[in-house]
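Written below as structure tokens is the structure these notes are about.
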Amino acid sequence: MRLSKAFMPTLKEIPSDAVVTSHRLMLRAGLVRPLLAGVYNYLPFGQKASLKAMTIIREEMDRIGGQELLLPVLNPVEIWQETGRDKDMGSEMFHLHDRKDRELVLAPTHEEIICNLARNEIRSYKELPQIWYQIQSKFRDEPRPRSGELRTRQFFMKDAYTLTVNYEDLDELYLKHREAYQRIFRRAGLDYFIVGASSGVMGGTGSEEFMIESDAGEDTCVLCRECGYAANQEVATSNLKEDHPPESPVQFKKVPTPGKRTVEEVSEFLGLPKSRFIKSLVFMGDEGAAMVLVRGDDEANESKLQPLLGASMRPAQPEEVLELIGAEIGFLGPVGLEKKVRIIADKRLEGLRNMATGANENEHHVIGVQVGETFEPTEWADVRMVHEGEPCPKCGKPLGVVRAIELGHIFKLGTKYSAAMGATVLDQNGKEVPIVMGSYGIGVGRLVAAVIENGADDDGIVWPVSMAPYEVVIMPLKIKHEESVQIADELYEEIRTLGWDVALDDRNARPGVKFKDADLMGFPFQVIIGEKNLAEGKIEMKRRCDSEKVLVAKDEVLAKLKQWREEDLARTLPEA
RNA sequence: CGGGGCGUAGCGCAGUCCGGUAGCGCAUCUGCUUUGGGAGCAGAGGGUCGCUGGUUCAAAUCCAGUCGCCCCGACCA
């Protein structure tokens, strides 16, 4: 690529509304431009980086036997009604109407379409297993697009689906995807980790996410540096022991607490530690209301509640609470409600003595509550949020909490979709069984952004060779100096014949401009051809990742480039 | 959807409080000089001040509405 002809609108100044590093750099380096909230133009250099990511993904998917196909983005809404996901997705799905006023949607994912294809075409277990994948635009009307490429409304995604006749085969293909993903992220140069995750609206029997640690991330993960336990905070657990010494029971009693609603306020008012409170939260779910109890110094984890309360779960409105219980939020408690409402108590409350909680009467609380005696919850569950420093559930060492970017998510779906849509095959016994499915996604734009986020410095992007739009830039510093230009041209042609992606900065620009752009755009290797060095038969080379600079003779440039390239690729080599 | 901020030239901003001829830097175009870390001089082009309505002799500026963008939260493969 001759940069004098390239469309590469780099920015000297930082765009004012870009906050996260990757977004700023993608704008400044001329990779993307916004069109509307959460929708971006990919300019040539951005597209080239995406293509590098897609190539890695394709190679690794093909390696495990994946077959690439392409499914339509435009879907009839009816197919989504079959599984009820048109409702589950709600306004996250884009809806539109065709000229005959038929309702269509833009696909946010493709389980239904895959299922439809399978039920039409697959009859026998002998045609299974199948691994199908595609790389293509997804549309999701996010409530709040943000952080540049990290959360958009239209984005490229590699989504893969496995079809098997039983769960053993699913487990095997799931593991294959897990390994393929490890290779993909390794090859992109990312220091990823894998966490157990919540399946959310996808459903199914288990899922794991591929994360990289980053302050720009939207997920929070709990990690044990000691034994390697890792989980999304949505599902993380810890091994907290009860920390209250045994003591003799306090008399159960109702006490006035005028105007004191929060645990904070009441605890100060009554002179009891927050850990002595039972926090009572009311949620609405698929089967009506439920009261959720956690200790006063704990937080309820709504992701853990979702499986218990169903897809429609949401916090109850103040009016709903008042109608249900007869008291306002702030004065709620489980005592006396056992017959009236489902009570889900966090396991940490089990057996606690002398607790305080709301009296279900405005301006009053009760003290001397003995859990299991004064009231008995409907069920026990782990519904609390795990925090930094709590003991690891596996080894007991203190847990760490980090922000992370989710790059990939793999799901064991089971038969949720195939059963709902009648996608069945005949098994070895001639019995009709629903196809067992798995689904596996990687956000391509997010992957590119994560690589930038991961490797940037004050001067700009630092691409690994594997992801760089161009691996080398040749920079004749003075375009009017014929010898510089001639040598630059020769090197450029020579490197091109190797099949490398090489750029020639033949712009008639001052050296400073070329240096700044080269650093900003993150070419892994710079070949700097200046008049003075050339007079001594030397050419300067700079490696972007560690700023190593060397002066070499002209005929040594290629050897040095090869060496650097090998070293760089070795860093991103997946384990065998 | 709740809270906050911002819309003035391609980009970054001032001007708005206190109404009175549309500004600055960078970028762009022309010419000359310059060429190892975002050049210098001289000249030039470019703006319905997001949009609609209102107040006023007069609105970028005041009032009302509306649209868009960003941030925090809610939500979320």
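Any chance you could count how many residues in region A:525-560 are in a strand (DSSP E or B) and out of contact with any Ser or Thr (no Cβ under 8 Å at 6 or more places or on another chain)?
Our first condition is that a residue be in a strand (DSSP E or B); within region A:525-560, this holds for A:525-529, A:538-543, A:549-553.
Applying the additional criterion that residues be out of contact with any Ser or Thr (no Cβ under 8 Å at 6 or more places or on another chain) yields A:525-528, A:538-543, A:549-553.
The qualifying residues number 15.
Under the condition of being surrounded by 14 or more Cβ atoms within 10 Å (Cβ to Cβ) and within 16 Å of RNA strand B (Cβ to nearest atom), the residues counted in region A:127-140 number 7.
Please find, within region A:73-108, the residue that is nearest to the chain's Cα centre (by Cα) out of those that are assigned to a loop (DSSP other than H, G, I, E, B) and surrounded by fewer than 20 Cβ atoms within 10 Å (Cβ to Cβ).
Going through region A:73-108, the residues assigned to a loop (DSSP other than H, G, I, E, B) turn out to be A:73, A:84, A:93, A:98-102, A:107-108.
Still in the list and also surrounded by fewer than 20 Cβ atoms within 10 Å (Cβ to Cβ): A:73, A:84, A:98-102.
Numbers: A:Val73: 22, A:Gly84: 24, A:Asp98: 33, A:Arg99: 37, A:Lys100: 38, A:Asp101: 36, A:Arg102: 34 Å.
Restricting to residues being assigned to a loop (DSSP other than H, G, I, E, B) and surrounded by fewer than 20 Cβ atoms within 10 Å (Cβ to Cβ), the top hit is A:Val73.
Being over 40 Å from the mean Cα position of the chain (by Cα), of a type outside the set (Lys, Arg) and exposed (fewer than 14 other Cβ atoms within 10 Å of the Cβ) is the requirement here; does A:Gly530 meet it? It is false that A:Gly530 is over 40 Å from the mean Cα position of the chain (by Cα), of a type outside the set (Lys, Arg) and exposed (fewer than 14 other Cβ atoms within 10 Å of the Cβ).
Looking at A:Tyr192, is it at pLDDT below 95, closer than 22 Å to A:Asn301 by Cα and aromatic (Phe, Trp, Tyr)?
Details: at pLDDT below 95: yes; closer than 22 Å to A:Asn301 by Cα: no; aromatic (Phe, Trp, Tyr): yes.
So A:Tyr192 fails the test.
A single entry from A:Pro9, A:Pro34 fulfils the requirement of being in a loop (DSSP other than H, G, I, E, B) and touching a strand residue (DSSP E or B) at 6+ places or on another chain (Cβ under 9 Å): A:Pro9. Per the conditions (1) in a helix (DSSP H, G or I); (2) touching a helix residue (DSSP H, G or I) at 6+ places or on another chain (Cβ under 9 Å), the sole criterion not satisfied by A:Glu567 is (2). The condition (being at pLDDT 95 or above, closer than 23 Å to A:Pro9 by Cβ and not charged (D, E, K, R)) is satisfied by just one residue among A:Leu51, A:Leu74, A:Leu69: A:Leu51.
Among the residues in region A:383-401, are any among the small types (Gly, Ala, Ser) and under 27 Å from A:Lys254 (Cα atoms)?
As a first pass, look at region A:383-401 and keep what is among the small types (Gly, Ala, Ser): A:389, A:396, A:400.
Those left that are additionally under 27 Å from A:Lys254 (Cα atoms): none.
Checked against the condition, which is being among the small types (Gly, Ala, Ser) and under 27 Å from A:Lys254 (Cα atoms), region A:383-401 yields no hits at all.
Of everything in region A:334-387 that's of a type in the set (Gly, Ala, Ser) and more than 30 Å from A:Asp219 (Cα to Cα), which residue is surrounded by the fewest Cβ atoms within 10 Å (Cβ to Cβ)? Give the derivation first.
Applying the first criterion (of a type in the set (Gly, Ala, Ser)) to region A:334-387 yields A:336, A:345, A:351, A:356, A:358-359, A:368, A:372, A:381.
Then drop every residue that is not more than 30 Å from A:Asp219 (Cα to Cα), which leaves A:336, A:351, A:356, A:358-359, A:368, A:372.
Working: A:Gly336: 13, A:Gly351: 11, A:Ala356: 26, A:Gly358: 26, A:Ala359: 22, A:Gly368: 16, A:Gly372: 13.
Among residues in region A:334-387 that are of a type in the set (Gly, Ala, Ser) and more than 30 Å from A:Asp219 (Cα to Cα), the one surrounded by the fewest Cβ atoms within 10 Å (Cβ to Cβ) is A:Gly351.
Of all positions in region A:492-499, none carries a residue that is in contact with a Lys or Arg (Cβ under 9 Å, 6 or more places away or on another chain) and within 11 Å of RNA strand B (Cβ to nearest atom). The residue list A:Ser147, A:Ser124, A:Ser91 contains one member that is out of contact with any helix residue (DSSP H, G or I) (no Cβ under 9 Å at 6 or more places or on another chain), of a type in the set (Gly, Ala, Ser), in contact (Cβ under 8 Å) with a residue 24 or more places away in the chain and within 14 Å of RNA strand B (Cβ to nearest atom), which is A:Ser91. Among all residues of region A:314-323, there is at least one that is more than 16 Å from RNA strand B (Cβ to nearest atom) and buried (at least 16 other Cβ atoms within 10 Å of the Cβ).
Of the residues A:Leu520, A:Leu498, the single one that is more than 27 Å from A:Arg28 (Cα to Cα), hydrophobic (A, V, I, L, M, F, W, C) and in contact with a helix residue (DSSP H, G or I) (Cβ under 9 Å, 6 or more places away or on another chain) is A:Leu498.
Somewhere in region A:163-177, is a residue aromatic (Phe, Trp, Tyr), in a helix (DSSP H, G or I) and surrounded by fewer than 19 Cβ atoms within 10 Å (Cβ to Cβ)? Yes, that holds for at least one residue.
Answer yes or no as to whether A:Asp159 is in contact (Cβ under 8 Å) with a residue 24 or more places away in the chain, among the charged types (D, E, K, R) and away from RNA strand B (no atom under 16 Å from the Cβ). Reasoning before the result, please.
On the way: in contact (Cβ under 8 Å) with a residue 24 or more places away in the chain: yes; among the charged types (D, E, K, R): yes; away from RNA strand B (no atom under 16 Å from the Cβ): no.
No, not satisfied.
Taking the criterion of being charged (D, E, K, R), away from RNA strand B (no atom under 13 Å from the Cβ) and not in a strand (DSSP E or B), the residues of region A:409-468 that qualify are A:Asp427, A:Lys431, A:Glu453.
When the residues of region A:162-171 are filtered to those that are touching a residue at least 40 places away in the same chain (Cβ under 8 Å) and out of contact with any Asp or Glu (no Cβ under 9 Å at 6 or more places or on another chain), which remaining residue is farthest from RNA strand B (Cβ to nearest atom)? Please lay out each step first, then the result.
Keep residues of region A:162-171 that are touching a residue at least 40 places away in the same chain (Cβ under 8 Å), which gives A:162-167, A:169-171.
Of the ones still in play, those that are also out of contact with any Asp or Glu (no Cβ under 9 Å at 6 or more places or on another chain) are A:167, A:169-171.
Working: A:Tyr167: 21, A:Asp169: 22, A:Leu170: 18, A:Asp171: 20 Å.
Restricting to residues being touching a residue at least 40 places away in the same chain (Cβ under 8 Å) and out of contact with any Asp or Glu (no Cβ under 9 Å at 6 or more places or on another chain), the top hit is A:Asp169.
Of the residues making up region A:555-568, those that are crowded, with 16+ Cβ neighbours inside 10 Å and either near RNA strand B (Cβ under 8 Å from one of its atoms) or touching a residue at least 24 places away in the same chain (Cβ under 8 Å) (or both) are A:Val557, A:Leu561, A:Trp564, A:Arg565, A:Asp568. Screening A:Glu234 on (1) surrounded by 14 or more Cβ atoms within 10 Å (Cβ to Cβ); (2) modelled with pLDDT of 90 or more; (3) part of a loop (DSSP other than H, G, I, E, B) shows it passes everything except condition (2). Among residues of region A:4-45 being more than 11 Å from RNA strand B (Cβ to nearest atom) and of a type in the set (A, V, I, L, M), the one that is surrounded by the most Cβ atoms within 10 Å (Cβ to Cβ) is A:Leu31. Mind listing whichever residues of region A:245-261 are surrounded by 14 or more Cβ atoms within 10 Å (Cβ to Cβ) and in a loop (DSSP other than H, G, I, E, B)? Those that are surrounded by 14 or more Cβ atoms within 10 Å (Cβ to Cβ) and in a loop (DSSP other than H, G, I, E, B): A:Val250, A:Phe252, A:Thr257, A:Lys260, A:Arg261.
Report whether or not A:Asp506 is without any contact (Cβ under 8 Å) to a residue 60 or more places away in the chain, outside any helix (DSSP H, G or I), more than 6 Å from RNA strand B (Cβ to nearest atom) and not small (Gly, Ala, Ser).
Details: without any contact (Cβ under 8 Å) to a residue 60 or more places away in the chain: no; outside any helix (DSSP H, G or I): yes; more than 6 Å from RNA strand B (Cβ to nearest atom): yes; not small (Gly, Ala, Ser): yes.
Spelling it out, it is not the case that A:Asp506 is without any contact (Cβ under 8 Å) to a residue 60 or more places away in the chain, outside any helix (DSSP H, G or I), more than 6 Å from RNA strand B (Cβ to nearest atom) and not small (Gly, Ala, Ser).
So, A:Gly84, is that one in contact with a helix residue (DSSP H, G or I) (Cβ under 9 Å, 6 or more places away or on another chain), within 16 Å of RNA strand B (Cβ to nearest atom), at positive phi and in contact (Cβ under 8 Å) with a residue 12 or more places away in the chain or not? When the stated conditions are applied, A:Gly84 passes them.
Does region A:413-467 hold any residues that are at positive phi and either modelled with pLDDT under 95 or crowded, with 18+ Cβ neighbours inside 10 Å (or both), and which are they? Quick ask: steps written out before the conclusion?
Filtering region A:413-467 down to residues at positive phi leaves A:414, A:422, A:430, A:460.
A:Gly414, A:Gly460 - these are the residues of region A:413-467 that are at positive phi and either modelled with pLDDT under 95 or crowded, with 18+ Cβ neighbours inside 10 Å (or both).
The residues of region A:297-331 that are in contact with a helix residue (DSSP H, G or I) (Cβ under 6 Å, 6 or more places away or on another chain) and either aliphatic (A, V, I, L, M) or at pLDDT 90 or above (or both), listed by number, are A:Ala311, A:Met313, A:Ile329.
The values are calculated or read from the model by the stated rules, or taken from the named source; none is laboratory data. Nothing here was measured: the structure is a model prediction, and the numbers come from that model. A quick note on method: Cβ atoms are made from the backbone with ideal geometry, for glycine too, and the neighbour counts reach across all protein chains shown.
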